[in-house]
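Working notes, structure below.
The values are calculated or read from the model by the stated rules, or taken from the named source; none is laboratory data. Worth saying up front: this structure is predicted, and the values here are computed from it rather than measured. Here the Cβ is made from the backbone with ideal geometry for all residues, glycine too, and neighbour counts use every protein chain on show.
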Amino acid sequence: MPSGLPRRDLPLGKNVNTIRLLAVLCLLFVLPDVQAVDNLKAFPAAEQGMVRHVLQLPKQEQSEEADLKVELVVGRTVEVDAGNRYFFSGQIVKETIGGWGFPRYIVSQLGPLAGTLMAIRPDAAKVRRFVALGGEAFLIRYNSRLPIVVYAPQGVEVRYRLWRASPETTAIDRG
């Protein structure tokens, strides 16, 4: 019998195989949770006056994750009139964490509130409404293996919305 192979006729060989099987099962069930905690270690604590927002997306089928996008929506709930459309100036900046390669998203400040200038009755009641950053939607790839980490000033809300692509495609005419 070759010296590198375990002997199957001894009870110890069965125990070794059982131990190996248990070790593999532990890795399968425990490693994803440990990996999520370890991934968060890559993201530094928020600086003074900032808050770290963490979103861990639920795992989807791999083919489904490719069809999903996450929109980050940053803003604040404020009292405004109901007739105008409002937005904050500012931007979300993507940075890569050195040594890790993970992305993080930073909103350094929420600029002044701006909006349309439609005439509203002076006695019209104010309403509480979530007002987001103006501009294009900030879409990122859906990835359940890494948390989405956003740093924003205190008092700023960070929300998200999921976008799903249709499985159907349509050809474009040549021109």
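Quick notes
- Matching option when the condition is closer than 15 Å to Tyr86 by Cα, out of contact with any Cys (no Cβ under 9 Å at 6 or more places or on another chain), modelled with pLDDT of 95 or more and of a type outside the set (Phe, Trp, Tyr), among Ala152, Ala132, Ala119: Ala132
- Any hit, the range 70-86, residues being under 16 Å from Pro147 (Cβ atoms), of a type outside the set (Ser, Thr, Tyr) and within 19 Å of the chain's Cα centre (by Cα): yes
- Condition met for Ala124 (closer than 26 Å to Trp100 by Cα, hydrophobic (A, V, I, L, M, F, W, C) and assigned by TED's automatic domain parsing to the domain that holds Val93): no
- Top-ranked residue of the range 53-107 - restricted to ones that are of a type in the set (D, E, K, R) and more than 20 Å from Leu162 (Cα to Cα), ranked as surrounded by the most Cβ atoms within 10 Å (Cβ to Cβ): Asp81
So that you can scan it fast, the table gives a plain yes or no per residue for (1) charged (D, E, K, R); (2) more than 21 Å from Met50 (Cα to Cα):
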{"site": "Val80", "(1), (2)": "no, yes"}
{"site": "Lys94", "(1), (2)": "yes, no"}
{"site": "Gln109", "(1), (2)": "no, no"}
{"site": "Ala114", "(1), (2)": "no, yes"}
{"site": "Pro122", "(1), (2)": "no, yes"}
{"site": "Glu136", "(1), (2)": "yes, yes"}
{"site": "Arg141", "(1), (2)": "yes, yes"}
{"site": "Leu162", "(1), (2)": "no, yes"}
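- Just one of the numbered conditions (1) surrounded by 10 or more Cβ atoms within 10 Å (Cβ to Cβ); (2) under 28 Å from the mean Cα position of the chain (by Cα) is not true of Val127: (2).
- Positions within the range 109-148 being touching a residue at least 40 places away in the same chain (Cβ under 8 Å), closer than 21 Å to Tyr160 by Cβ and in a loop (DSSP other than H, G, I, E, B), in sequence order: Gln109, Leu110, Gly134, Gly135, Ala137, Tyr142, Asn143, Ser144, Arg145, Leu146, Pro147
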